[in-house]
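A.B. asks: Structure in structure tokens, see below.
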Amino acid sequence: MSSNREQFGSRLGFILAAAGSAVGIGNLVGFPVNAAKNGGGAFLLIYAICVIVLCLPVMMAELSLGRHTRKDPMGAYKSIAGNSPWQIAGWLALITPFMIAVFYAVITVWLLGYLVNAAIGNLDQLASPDTFGTFINSNSIFVYFLAVAAIIFLILANGVKDGIEKAAKVLMPTLFLFLIGLVIFVLTLDNAWSGVGYYMIPDFSKINGAVISGALSQAFFSLSLGMGILITYGSYMDKKEDLPGATKMVALCDTGVAFAAGLMILPAVFSFNPDIKPEELSDSSVSLIFSFLPKIFLALQGTLGYAGASVVATLFFALVFFAAITSLVSIIEVPTASLIDAKGYSRKKALLVLGIGMGILAIASALSFGKIGFLTELTHYAGAKRSLFDLIIDTFYDTILPLNGLLICLFVSYRWRKTQLNAEIESGNENYKGTFLERYVNFSVGTFIPVILFLIFINTVAIKYFGSSLISL
Ligand code: PHE
């Protein structure tokens, strides 16, 4: 199989596709709000340290494991460790992207709904307080759901080079352009610079253990780690490719977009409401995107007119929608590759089988916002009722992601072995041998990175399911 495995056509294509995976809702909305609330410039600094010190080595480990085995995550674990308990890690690396795709798909469907409505002149409705609740429980979401499924199918059915890479080459540059355009525009608004102040001026008094662990989780999710995505994309990477160089480019691109997003979102918020305190911003990206920002866009009609405000809103929703689509494509590619590798399915068959499974779960989670009582109050833990959507986010996004990261570090260091890791990275970059980076990656992946991920994992379990923090962060 490995000899005819598809590959990305070019270095740029790989970087754009991997950056397309990394740049998502987490960067565009989650990051700016986290930064403004948690110490501005101080948070930015800690985030950058987390990316360089903790995430880069894990990225390189995932990519090289994929490139070496030329397999999906489950196949990668199996081809090195055979039928050992490591297979459990392989299963987790398959189920996690499947389930994260479910909740991410729901948000992407809503984004498309808001994009279409902003574009056809319904911005005033989007800005009214009850719209979000009504919209997510309306039947129109089924139409948007079908549209998103069709877009994803069209991209993935065309394979790695003509599907994933081509889509990334169109969507990512468009996204960069929209983002730059919106940043420039937003910075010209009244009071914009007080938002920039909250974003950039460091306040080290806000930094504590919880903020540091939050920054790491944000960076981990943002770089698409622990989801098997980089193992899968690594398996499509050319052996002659400079792996450390490409990794750095992807991390830089992802962090650059997150940083620029802060220069778009925060000035817009402060220009709309100069007296707002960052603490008052909602914690959830969902309520910020769908409830708060439409009001800001509508308020622009004072200066731009209704049509102008609608154009800005449309550009914003298109930007987030494109980011979400390229992320969704990457995460659905993981179980797709598994079905192709393990079962010998054709790409289309794999996509259809997965589409049905994910579609059912995604619709069930979309209905767990009040429309179906049983799904809305599916379970109860840590003192609150939880819907199917909450359960999926708590389990897979918050809890299992760091666990997967931990397992990959242990696997690469103690089962696959560092000599093999180094040999794989050196292929395509001979200068890597003997560098500080090589020694650093070897040491960190086998020691403190898994320890930190383990602490985050047990602390999340304690907080999420038992309602108390184990480690006083
Ligand atoms: N990096 C993505 C983001 O920031 C996370 C993600 C990747 C989510 C792929 C789903 C699929 O939103």
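Only the coordinates and a few stated rules stand behind these numbers; no lab work does. Every value quoted in this text rests on a predicted model; they were computed, and no experiment measured them. Every residue, glycine as well, gets a Cβ built from its backbone with ideal geometry; the counts of neighbours run over all protein chains shown.
A.B. asks: With the crude spin-label approximation of a point 7 Å out along Cα→Cβ, what separation in nm comes out for Ala119 versus Lys349?
C.D. replies: Simple spin-label model gives 3.6 nm for this pair.
A.B. asks: Let's see if you can work this out: charge +1 on each Lys and Arg Cβ, -1 on each Asp and Glu Cβ, no other charges. What is the dipole magnitude of the chain about its Cα centre, in debye to the nearest 20? Show your work: numbers first, answer last.
C.D. replies: On the way: 29 positive and 27 negative charges, 245 e Å.
Around 1180 debye, computed over the chain.
A.B. asks: As I understand it, the value is the acute angle between the Cα axis of helix 243-272 and the longest principal axis of the Cα atoms of the chain; what does it come to in degrees, rounded to 10?
C.D. replies: It works out to around 10 degrees.
A.B. asks: Right, something else. Which order do the peptides 58-66, 348-356 take when ranked by the mean count of other beta-carbon atoms within 10 Å per residue, highest first?
C.D. replies: Values: 58-66: 27.4, 348-356: 16.6.
Highest mean packing first, the order is 58-66, 348-356.
A.B. asks: Please name whichever of Phe374, Leu288, Ala149 sits farthest to the positive end of the charge dipole of the chain, dipole taken about the Cα centre and charges placed at Cβ: Lys and Arg +1, Asp and Glu -1.
C.D. replies: The one lying farthest along the dipole's positive direction is Ala149.
A.B. asks: Going by the alpha-carbon gyration tensor, a ≥ b ≥ c the square roots of its eigenvalues, is the stretch 183-226 rounded (a/c under 1.5) or, if a/c is not under 1.5, prolate (a/b greater than b/c) versus oblate?
C.D. replies: Working: a/c = 5.39, a/b = 1.59, b/c = 3.40.
Oblate shape, in that a/c is at least 1.5 and b/c is the bigger or equal ratio.
A.B. asks: Continuing with the same structure: Of the listed peptides 292-302, 320-330, 378-388, what is their order by residue-averaged count of other C-beta atoms within 10 Å, with the highest listed first?
C.D. replies: Working: 292-302: 19.5, 320-330: 24.6, 378-388: 14.2.
Top to bottom by mean Cβ count within 10 Å: 320-330, 292-302, 378-388.
A.B. asks: Please list, in order along the stretch 91-102, the HN-Hα scalar couplings obtained from phi with the Karplus expression 6.51 cos²θ - 1.76 cosθ + 1.60 (θ = phi - 60°), rounded to whole Hz, x for Gly and Pro.
C.D. replies: Per-residue couplings from phi come out as 5, 4, 6, 9, 6, 4, x, 4, 6, 5, 4, 4 Hz.
A.B. asks: Once the Cβ-Cβ distance between Trp193 and Leu12 is put in as r, and R0 is 35 Å, what FRET efficiency do you end up with, to the nearest 0.05? Show your work: numbers first, answer last.
C.D. replies: On the way: r = 35 Å, r/R0 = 1.01.
Taking R0 as 35 Å, the efficiency between Trp193 and Leu12 is 0.50.
A.B. asks: Apply the Karplus parameterisation 6.51 cos²θ - 1.76 cosθ + 1.60, with θ equal to phi minus 60°, to every residue of the stretch 177-190 and state each ³J(HN,Hα) to the nearest whole Hz, in sequence, with x for glycine and proline.
C.D. replies: Per-residue couplings from phi come out as 4, 4, 5, 4, x, 5, 4, 4, 4, 5, 5, 8, 6, 4 Hz.
A.B. asks: Tell me the mean residue ellipticity at 222 nm calculated for the chain from its helices only (DSSP H runs of n ≥ 4, each -39500 (n - 2.57), averaged over every residue, nearest 500). Display every interim value, and only then the final one.
C.D. replies: Numbers: 23 runs with 322 residues, N = 473.
Result for the chain: -22000 deg cm²/dmol, rounded to the nearest 500.
A.B. asks: Once both labels are modelled 7 Å past Cα along the beta-carbon direction, what's the Phe443-Ser84 spacing in nm?
C.D. replies: 2.6 nm
A.B. asks: Once amide H atoms are built 1.01 Å from N in the peptide plane, which residues 5 or more positions from Arg386, or in another chain, come under 5 Å H to H?
C.D. replies: Leu378, Thr379, His380, Tyr381
A.B. asks: Right, another one. I need to check one value: relative contact order of the chain, counting alpha carbon pairs closer than 8 Å and at least 6 residues apart, in percent.
C.D. replies: Working: 722 pairs, mean separation 148.1, N = 473.
Relative contact order comes out at 31 percent.
A.B. asks: Let me ask another. Among Val51, Val334, Ile107, pick out the residue whose Cα is farthest towards the positive end of the charge dipole of the chain, where Lys and Arg carry +1 and Asp and Glu carry -1 on C-beta, about the Cα centre.
C.D. replies: Value: Val334.
A.B. asks: Separate question: Compute the angle between helix 401-410 and the longest alpha-carbon principal axis of the chain, please, reported from 0 to 90 degrees and rounded to the nearest 10.
C.D. replies: Compared with the principal axis, the helix lies near 20 degrees.
A.B. asks: Still on this structure: Output wanted: per-residue J couplings in Hz (rounded whole) for the stretch 341-353, from phi through Karplus 6.51 cos²θ - 1.76 cosθ + 1.60, θ = phi - 60°, x for Gly and Pro.
C.D. replies: Calculated HN-Hα couplings, in order: 5, 7, 9, x, 5, 6, 4, 5, 5, 4, 5, 5, 4 Hz.
A.B. asks: Return the distance in nm (one decimal) between the two label points of a simple spin-label model at Leu146 and Val451, each offset 7 Å from Cα along Cα→Cβ.
C.D. replies: 5.6 nm
A.B. asks: Follow-up. In degrees from 0 to 90, rounded to the nearest 10, what is the angle of the helix 436-446 Cα long axis to the longest principal axis of the chain?
C.D. replies: 90 degrees
A.B. asks: Dipole of the stretch 11-466 (Lys/Arg Cβ +1, Asp/Glu Cβ -1, origin at the Cα centre): which of Leu63, Ser194, Asn459 lies farthest to the positive side?
C.D. replies: Leu63
A.B. asks: Now for a separate question. Separation of the stretch 124-149 and the stretch 183-252 by C-alpha centroid, Å?
C.D. replies: 29 Å
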